[in-house]
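So the structure is just underneath, and the comments pick up after that.
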Amino acid sequence: MTRSHRLILGVAASLTLSATATAQPATQYPTSWDPALMQRADIKAAMARLEQNFPQQVEEWIRLTEMPAKSGKEEARAAHVKAAFEKEGLRTSVDSIGNVIGVRKGTGGGPTIVIMAHMDVVFENTTPKKVRRSGDTLFAPGVGDNTASVANMLSTLRTMNATRFTHKGDIIFIGTVQEEVGLKGAEYWLAHNPRPDLLIVPDGAFGSVSYGALGIFWTKYVFTSPGAHTLASRGRPTPVRAVAEAVQRLYEIEFPALPDGAVMNIGQIHGGEIFNSVPQELYFTVDLRSPDPVLLDSLDRTITRVTKEVAEKHKVGLRVEVDQKNQAGGTEKQLEGARAHPLVQTAVDINRFLGISSGMPGAREAVPTGATDANPGVVRKIPSIAIGGSRANGAHQLTEYALASTALPSTKLLYLLTATFADGIKTVPPGKIVP
C-alpha cells in the first residue's frame, strides 16, 4: 500500500492545513450499491433462503473439503460441481484444461458476469483432509483456500433458481483448476472465450476487495557439468560454486520493496546424487513478484543476465526453465482507472452494509494487488475483483482453519454484487455514494 506524505512547514501552517482538510469532503468513488435493493421481494426471499439453508451449505463445504483436489487432479470436486450445475439447469461444459463451466442465460441486453471459484488446493491427494469441527471453527487443510468459495458459489446459484432471479446478461459460473500453480485455469478460460464485462472471484482476504494483480514469475536456473569423482575434482568446473556465487549476487541486487516495488525469494536449491562426486546438475528457483510490469520484466532480465555471467565465469552449462509468468496489473497509481470502476466501490459498500470487515484496525477496504483468479482479468483490463470466501487462517498449511459463520455474509456479498449488476453497470446518484 502506498503512503501519502505531507510536509509541515511550521505550527501555524499545520493549523491552516488541518482546518482546510476538515473542510474538504472525503474522496469518493462511483458506486452502484443502493440499499433500496434490499426491499425487493426476490432479494428478501434470497437473503432468507441463504440463512435458512446455511447449515446445508456448511455440510457441502465440509464434503468438498474432504475430497481430493490437488492442482491438476481436481476430478472429484469437478464432478461434484458439474453435477450441481446440471441439476440447476445450467448449460454445462468442461473445457480441455478441466474448468467446469455453467451458463445461466439472461434475457438479453445486460452485462456478462463471470464468477470464478478455484477448486484446487496445494495438498497432495493423499493428505488427510478430514474436517474437525469445534464450535464455529472448521479445521482441515484447504478448508479456507478456496473450498469455502466453491460452496458459496453453489449456494448462490441454487438461491437464484429457488427465488426465480432474472437478469439481462448471462451469468457464467466457473469452477477453475490449477489456480495454485499459476492461475492456469482462469488464464485458459479468459484466453479462449469472449471477453466478459465483469469478473468476480470469491477468494482472498475476508473483508477486503482486491482489484489489482501481483505479477508472479517462477524460474528455475539449472547449472550443468560433466561431473567427476571427488579424487579427480580438483580444478574441475562445478555447478556448486556457480550456484553459490549466483545466489550471493542475486541477493545483492537492489530494488524498491513492495507494495509498489518487488520481492524475490530463492525457495529451492537441489542437485547432486552422492557425497563423492561433482554434481552433474544443480539448480535453484526464483520466485519474483511485483505489481509493476516494467519493474518485473526488468528484474527478470537482470536475474537471468547475472546468472548467465556466473555460469560463463565458472565454465558450466546453464538451462533456464520458466515455470510461470503471471503478468502484473500495475501499481496503485497505474490502477487508478480500475479503482474508479463502480464494481470496486460497490463491493466495499456491500461489505459495509453487511458488517463485513477485515478485522484489523486500519486495514484498507480496497487493495491494488492480489494473487487470485482475478489477476488474468485485471491484466486484460476487465473490471475484476477478488472478495473473501470466509475468514480463515493458515492457508497452505496443515493447520488451516476457517470460521464457518463467516461464509454466510460472504455468500450474501456474492449474491448482492451479482444482483446489483445483473441488468446493467450504472451508478447511484451522488448523494448515495459512500466515501
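The values are calculated or read from the model by the stated rules, or taken from the named source; none is laboratory data. As the structure is a prediction and not an experimental result, all values here were calculated from the model. Virtual Cβ from ideal backbone geometry, glycine too; neighbours counted across all protein chains shown. Note: accessible area is taken over every heavy atom of the protein model, side chains too, but ligands, DNA and RNA are not part of it. Shrake-Rupley method; radii C 1.70, N 1.55, O 1.52, S 1.80 Å.
Annotations
- Square roots of 5 times each gyration tensor eigenvalue, C-alpha, region 83-206, largest first, Å: 27, 18, 12
- The alpha-carbon positions of region 105-155 define a convex hull whose volume is 108 Å³ per residue.
- Rg [Å, one decimal], Dmax [Å, integer] - region 142-250, C-alpha atoms: 24.2, 79
- For region 257-363, GluC sites (Glu not before Pro) are listed when DSSP marks them as loop and at most 15 other Cβ atoms sit within 10 Å of their Cβ; the list is 273.
- Global geometry of the chain, whether rounded, prolate or oblate, following the gyration tensor of its Cα atoms and the 1.5 cut on a/c: oblate
- Global geometry of region 336-396, whether rounded, prolate or oblate, following the gyration tensor of its Cα atoms and the 1.5 cut on a/c: oblate
- Only DSSP H runs of four or more residues enter the estimate; each adds -39500 (n - 2.57), and after division by the residues of the chain the mean residue ellipticity at 222 nm equals -10000 deg cm²/dmol.
- Nearest-0.05 FRET efficiency for residue 56 and residue 168, computed from C-beta distance (R0 25 Å): 0.25
- Directionally averaged projected area (region 360-435, Cα convex hull): 7.4 nm².
- Size descriptor for region 279-372, Kirkwood hydrodynamic radius: 17.0 Å (Cα pairs only, one decimal).
- Summarising the amide proton neighbourhood of residue 209: residues at separation of 5 or more, or on other chains, whose placed amide H is nearer than 5 Å comprise 366, 367.
- Centre separation in Å (Cα based) which lies between region 360-378 and region 252-318: 27 Å
- The chain: DSSP helices with Cα axial extent of at least 15 Å and average Kyte-Doolittle hydropathy no lower than 0.5: 11-23, 342-354, 407-421
- Sites matching GluC sites (Glu not before Pro) across region 49-155 that sit in DSSP coil, with at most 13 neighbouring C-beta atoms within 10 Å: 124
- Restricting the GluC sites (Glu not before Pro) of region 171-268 to loop positions (DSSP other than H, G, I, E, B) with no more than 14 neighbouring Cβ atoms within 10 Å leaves 252, 254.
- Highest GNM mean-square fluctuation among 153, 67, 38, for the chain modelled with Cα contacts below 10 Å: 38.
- Using C-alpha pairs below 8 Å separated by at least 6 residues, the relative contact order for region 95-199 is 50 percent.
- Each Lys and Arg adds +1 at its Cβ and each Asp and Glu adds -1 at its Cβ; summed about the Cα centre, region 25-108 shows a dipole of about 180 debye.
- Among 239, 291, 256: highest mean-square fluctuation, GNM of the chain, C-alpha pairs under 10 Å: 256
- Whole-Å distance, taken between Cα centres, linking region 386-421 and region 166-217: 15 Å
- Average accessible surface area per residue within the chain, 1.4 Å rolling probe, Å²: 47 Å²
- Per-residue HN-Hα couplings for region 264-278 [Karplus 6.51, -1.76, 1.60; θ = phi - 60°; Hz; x = Gly/Pro]: 10, 9, 9, x, 9, 9, 9, x, x, 10, 9, 5, 9, 7, 6
- Debye intensity ratio I(q)/I(0), log10, region 289-435, q values 0.20, 0.22 Å⁻¹ (C-alpha model): -1.34, -1.46
- Ratio Rg/Rh [Cα only; Rh per Kirkwood] for region 217-284: 1.11
- Percent accessible area from carbon and sulfur atoms, region 297-416, protein chains only, probe 1.4 Å: 53 percent
- Largest GNM mean-square fluctuation among 341, 192, 118, using the chain with Cα springs under 10 Å: 192.
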